[in-house]
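Each remark here refers to the structure printed beneath this line.
Values quoted throughout were computed directly from the atomic coordinates according to the rules given, and no laboratory measurement underlies them. Remember, it's a predicted structure, so these values are computed and weren't measured experimentally. Cβ placement follows ideal geometry from the backbone for every residue including glycine, while neighbour counts extend to all protein chains displayed.
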Amino acid sequence: MHLAAGAAVADNRDVGLNGVFCIGNRNYGGGESFGSILRSSIGRQGLARVLIIGASKGIGLETTGQAIAAGHSVRAMSRSTNGMELSNPKLERVNGDALKSQDIESALNGVEVVIQTIGVGLGDLLRPVHLFSRATRVLISAMEAQEVMRLISVTGFGAGDSRTSISRLQ
């Protein structure tokens, strides 16, 4: 399975503050677009059916737009996709919880690549954050069961060495 780093669970690699992550044995930095990363991830197979988890805001919403612009079919999953302003025939919205295996298993049906972009609100950072590692465990288990072999995972503070950089205000 080609896994991108993001949670310690994913391929035993971690993301630092510089935004570098891995797919298989290739490293990617913040200078590459998701479109180029997706093309590299799927190789010469062409366009992919992509599941984006955490697609309703921030990085997930931007990733969804870039994947659609690159011609990929996107299944956008978040707890509430109703607020997404994107509209495109290649976009399928799915409400679901990244911690619920049945939601993940259902969302994985028919996809080739998963991009995990879940995040937490500022208030959630006042206590230990376990969302990324728990959601990644659920996701990897479901991906293995359905033989989905490509995962790109994007996280922020709390992954890898960044934990020591978080101030008390963050």
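Things to note:
- At R0 = 45 Å, FRET efficiency that the Cβ-Cβ distance of Met149 and Arg127 yields, to 0.05: 0.85
- Qualifying GluC sites (Glu not before Pro) in the stretch 63-154, where qualification requires a DSSP coil assignment and no more than 13 other C-beta atoms within 10 Å, comprise Glu85, Glu147.
- Computed label-point distance, nm, for sites Asn82 and Lys100 using a 7 Å Cα→Cβ extension: 1.5
- Cα-Cα pairs of the stretch 48-105 separated by more than 12 Å (percent): 59
- Net charge of Cβ neighbours under 14 Å - reference Ser73; Lys, Arg +1; Asp, Glu -1: +2
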